[in-house]
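Have a look at the structure below, then the notes.
What follows draws every value from the coordinates through simple rules; no lab data is involved. In this text the structure is predicted, and so the values were computed from the model without any measurement. Because the Cβ atoms are built from the backbone with ideal geometry, glycine has one as well, and the counts that use them run over all protein chains shown.
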Amino acid sequence: MDSLILLALAPVFLGFIAWEAWHFRRKGRSNYTWADTVSNATLALMHQASDAVAWLLTFGLFVALWRHRLFNIPATWWSVVLLVVAQDFCYYGFHRTSHRVRWLWASHVTHHSSERLNLSTAFRQSLTYPISGMWLFWLPLAWIGFAPAHIVAVVAINLAFQFFVHTEAVGKLGWLEQVFNTPSHHRVHHARNPQYLDRNYAGVFIVWDKLFGSFTPEDPDHPCVYGIVHPIRSHNPITLTVHEWIAMLRDAARARGLRQRLVQLFGPPDRALAGRDSASVPRAHGIGTTLQPPP
């Protein structure tokens, strides 16, 4: 399971976090706080537990699709490379959808809720991803013909790679910026500046953003301001996990008619807010909106 792979890498992740904290302390910057870091770690443990349960419940579906696969793909070096690329394409689809469909945003908002960006921010995940349907985006890989166990491993590798792009300690990386997701690209993704909203969804390869028009480079004249448009102002892991689910379900219950209820649940976050009294807008609603950041 991918949870076991990520847990095995935990000492590596913790070592880099310690290095980054020391690096910024030496430079006189306070890029970590205990409250934020402990919150991130707690959210990571909650996410890993729910992720393990989700794989146990859904793995049989992956196996069933693989048994009716379109192609017999052998386990070779080229099939591994192909799977890495295919899974990253699926991840791009999941990530972009997570910013444009409120049901998925209700889970993904947790990851964006910190107003800091450091390596521990990568741990800031939601235990509700199985409910919002993250696993659905990997199902086509099994139907194509990739073995379910290999899919799980590559998902873990993709997520492990992304740990290293959550940092301000690394500048631009030359030609690598043209092909791969880098810290510079991902800083843009976590920024709430109006020109950076809903950009750079890449997991490993930035080429998807460039192909599908969602790429924006980091501009040194516009430093990234991190977090969501309406900050949640909490370090409570439960609050960070459920606040948007509560807001979304409340808005759907108050909506008039089936169509408006579906808009609240599955429409883009900005459309879900359309026509509502501004006083009723959730404080932590969406980096995926077109709203301007608060002063």
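Take the chain, connect every pair of alpha-carbon atoms lying under 10 Å apart with a spring to form a Gaussian network, then pick out the residue of Ala21, Ala147, Ala253 with the largest mean-square fluctuation. Maximum fluctuation in the GNM of the chain, among the listed residues, is at Ala253. Zone of Glu115 (label point 7 Å along Cα→Cβ, backbone N under 17 Å): which residues in the stretch 163-202? Flagged as within label range: 190-194. Mind jotting down the distance between the C-alpha centroids of the stretch 1-62 and the stretch 146-224, whole Å? Centre-to-centre distance over Cα atoms comes out at 18 Å. Length gained on full extension, Ala10 to Trp34: 6.8 nm, using 0.36 nm per residue less the C-alpha separation.
Tell me the relative contact order for the stretch 2-167 as a rounded percent, counting alpha carbon contacts under 8 Å between residues six or more apart. Numbers along the way, then the final one.
Values: 167 pairs, mean separation 63.2, N = 166.
That works out to 38 percent.
If you bin all the Cα-Cα distances of the chain at 10 Å, starting from zero, the percentages per bin are 6, 27, 36, 24, 7, 1. Scanning residues 5 or more positions from Phe205 or on other chains, those with amide H under 5 Å from its amide H are Asn181, with H placed 1.01 Å from N in the peptide plane. Judged by the gyration tensor of its Cα atoms, with axes a ≥ b ≥ c, the stretch 81-121 is oblate; a/c meets the 1.5 cut and b/c is at least as large as a/b. For Tyr226, the amide hydrogen comes within under 5 Å of the amide hydrogens of Arg192, counting only partners 5 or more places away or on other chains and with H modelled in the peptide plane. Backbone geometry of the stretch 168-185 corresponds, through the Karplus equation with coefficients 6.51, -1.76 and 1.60 at θ = phi - 60°, to 3J(HN,Hα) couplings of 9, 7, 10, x, 6, 10, x, 5, 4, 4, 6, 10, 9, 5, 10, x, 4, 5 Hz, x marking Gly and Pro.
The overall shape of the stretch 2-167, judged from the alpha-carbon gyration tensor, is prolate: a/c is not under 1.5, and a/b is greater than b/c. Of all the options Pro140, Pro148, Pro74, the one that moves most in a Gaussian network model of the chain with Cα springs shorter than 10 angstrom is Pro74.
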